[in-house]
1. For region 78-95, how many residues meet the condition of being closer than 22 Å to Pro187 by Cα and open to solvent by less than 10 Å² (accessible area, probe 1.4 Å)?
2. Given the options His181, His173, name the one that is under 20 Å from His100 (Cα atoms), modelled with pLDDT of 95 or more and assigned to a loop (DSSP other than H, G, I, E, B).
3. Take region 26-52 and flag every residue that is under 25 Å from Ile82 (Cα atoms), modelled with pLDDT under 90 and open to solvent by 40 Å² or more (accessible area, probe 1.4 Å).
4. Could you list, in sequence order, the residues of region 55-77 that are among the β-branched types (Val, Ile, Thr), touching a residue at least 24 places away in the same chain (Cβ under 8 Å) and open to solvent by 20 Å² or more (accessible area, probe 1.4 Å)?
5. Pairs needed: first member in region 102-124, touching a residue at least 12 places away in the same chain (Cβ under 8 Å); second member anywhere, open to solvent by 60 Å² or more (accessible area, probe 1.4 Å); C-beta distance under 7 Å; at least 6 residues apart or different chains.
6. Out of curiosity, is Phe23 open to solvent by 30 Å² or more (accessible area, probe 1.4 Å) and touching a residue at least 24 places away in the same chain (Cβ under 8 Å)?
7. Restricting to region 153-178, and then to whatever is of a type in the set (Gly, Ala, Ser) and surrounded by fewer than 15 Cβ atoms within 10 Å (Cβ to Cβ), can you tell me which residue is nearest to Phe119 (Cα to Cα)?
8. Of everything in region 43-65, what is hydrophobic (A, V, I, L, M, F, W, C) and either closer than 17 Å to Leu25 by Cβ or out of contact with any Phe, Trp or Tyr (no Cβ under 8 Å at 6 or more places or on another chain) (or both)? Give them in sequence order.
Amino acid sequence: RAEAALAFEAALRLTPKYSEAHFNLGVIRARRGAFSAAAVHFQEVTQQDVNDAVAFFWRGVVHERLNEPAKAIVAYQRTLHIDEAYLDARNNLAWLLATHPSVEERERPLALKEVMNAFGFLTAGTPAMLIDTQAAALAAQGHFDDACVVLAELIEAARSQAWDPTILRDLEHRFALYARHEPYREPVNAPTEGAPAPFQGLLRSTLLDEH
């Protein structure tokens with residue numbers, strides 16, 4: 001990746017508006033935890049192509065990591081305006097609306113709406129990340145018993161399939177909150193630049209590890 005970054009930087013010195021180089025550097029820097037730098041690259045890409053759904057999605061991801069939920073929400077909404085079937089964007093938007101402390105309570109119901117919309121685009125089984133988000137969205141509206149039912153099935157699958165213990169602990173923590181009739185709220189501390197941190201919702205989008 002270091003060699004790739006150097007190659008893309010060299011390309012930008014020759015052609016400062018080279019969109020592909022900006023996009024790839026954005027991905028590389030996001031993976032390294034340089035979220036502010038990554039945001040600049042993705043902004044350049046979306047300024048050049050206002051219909052680049054993937055770049056808008058990445059803008060949402062890095063704004064989340066920078067603890068800028070309002071900007072992340074706008075980026076995810078723009079992604080969905082371009083591609084309404086973009087599951088990762090819809091899931092991340094719903095998670096933010098349901099769990100971020102800064103979201104106004106009157107906006108919380110939109111989270112469950114986004115989850116239900118996501119179900120409409122599924123062509124196979126339901127991803128675990130979406131089930132986790134559905135439970136959080138139900139709890140955000142005070143439907144704690146329903147949230148427990150949804151999450152209990154996911155926890156059972158996690159135990160039977162020997163998922164990562166960290167993921168299981170997070171699920172069990174959220175289940176305990178819902179059982180006490182408390183919603184889950186994301187920690188608001190922004191990760192340190194240069195030290196990439198995992199998503200707090202560990203079953204959410206894995207693009208930072210896959211692409």
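The values are calculated or read from the model by the stated rules, or taken from the named source; none is laboratory data. Because the structure is predicted, anything quoted here is derived from the model rather than measured. Every residue, glycine as well, gets a Cβ built from its backbone with ideal geometry; the counts of neighbours run over all protein chains shown. Only protein heavy atoms, including side chains, enter the accessible area calculation; ligands, DNA and RNA are left aside. Shrake-Rupley method; radii C 1.70, N 1.55, O 1.52, S 1.80 Å.
1. From region 78-95, those closer than 22 Å to Pro187 by Cα are 88-95; that's our starting set.
Remaining after also requiring open to solvent by less than 10 Å² (accessible area, probe 1.4 Å): 89, 91-95.
Total satisfying the criteria: 6.
2. Working: His173 fails: assigned to a loop (DSSP other than H, G, I, E, B).
Only one candidate qualifies: His181.
3. Hits for region 26-52 are Arg29, Arg31.
4. Matches in region 55-77: Ile73 only.
5. Going by the 7 Å Cβ cut-off, the qualifying pairs are Arg108/Gln141; Pro109/Gln141; Leu112/Gln141.
6. Numbers: open to solvent by 30 Å² or more (accessible area, probe 1.4 Å): yes; touching a residue at least 24 places away in the same chain (Cβ under 8 Å): yes.
Considered against the rule, which asks whether it is open to solvent by 30 Å² or more (accessible area, probe 1.4 Å) and touching a residue at least 24 places away in the same chain (Cβ under 8 Å), Phe23 comes out as yes.
7. Keep residues of region 153-178 that are of a type in the set (Gly, Ala, Ser), which gives 157-158, 160, 162, 176.
Now narrow it down to the ones that are surrounded by fewer than 15 Cβ atoms within 10 Å (Cβ to Cβ): 157, 160, 162, 176.
Working: Ala157: 19, Ser160: 24, Ala162: 26, Ala176: 25 Å.
The selected residue is Ala157.
8. If we filter region 43-65 for residues that are hydrophobic (A, V, I, L, M, F, W, C), which is where we start, we get 45, 50, 53-58, 61-62.
Val45, Val50, Val54, Ala55, Phe56, Phe57, Trp58, Val61, Val62, listed by residue number.
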